[in-house]
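Single-structure report; data block below.
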Amino acid sequence: MKKNIHVVGAVIFNDNKILCAQRGTEKSLPLLWEFPGGKIEEGEKPEDALKREIKEEMRCTIEIGEQIEHTVYEYDFGIVHLTTYYCKLVEGEPVLTEHAAIKWLAPEELSTLEWAPADIPAIEKIAKVYA
């Protein structure tokens, strides 16, 4: 039986652009793009996990808005339950600590990247809202 992995992703807006992060070569799904975030710890609220992960991974502070999407996707390494949220950058600039690259893209440009499959439903929803 595959492991259930509960994760959160931040769709961080700044100046009408969205932060996209490319996974490192050492991680599962190497070099695919994702919304930054990470695993929810035992007993942690999704929003708290997201704030913590962005602070750890990107060295910046975000304000979390409404939920965009909840996706369940089965990978070979486990079943990922991804919840994405609209977020606003409130302090600091994102820096690379775990990712290979980051880009700020307009909503209509998101589809130009090769995304991790679990992130795609959120991208489709964002595209509809900002089309």
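Pairwise inverse Cα distances across segment 1-124, averaged and inverted, put the Kirkwood hydrodynamic radius at 14.4 Å. Each label was represented as a point 7 Å from its Cα along the Cα-to-Cβ direction; for residue 3 and residue 31 these points are 2.6 nm apart.
Each Lys and Arg contributes +1 and each Asp and Glu -1, all at the Cβ; summed about the Cα centre of the chain, the dipole is approximately 60 debye. Annotation for segment 77-131: GluC sites (Glu not before Pro) lying in DSSP loop with at most 11 further Cβ atoms inside 10 Å of their Cβ are 114. In segment 83-131, inverting the average of 1/r over every pair of distinct C-alpha atoms gives 12.6 Å as the Kirkwood radius. Label-to-label distance, residue 48 versus residue 101, with points set 7 angstrom from Cα along the beta-carbon direction: 3.7 nm.
Within segment 1-54, the trypsin sites (Lys or Arg not before Pro) that combine a DSSP coil assignment with at most 12 other C-beta atoms in a 10 angstrom radius are 2, 3.
All of the numbers you see were taken from the coordinates with simple rules; none came from a lab. Source: prediction; values computed, not measured. Counting neighbours? That spans all protein chains shown, and the Cβs are built from the backbone with ideal geometry, glycine included.
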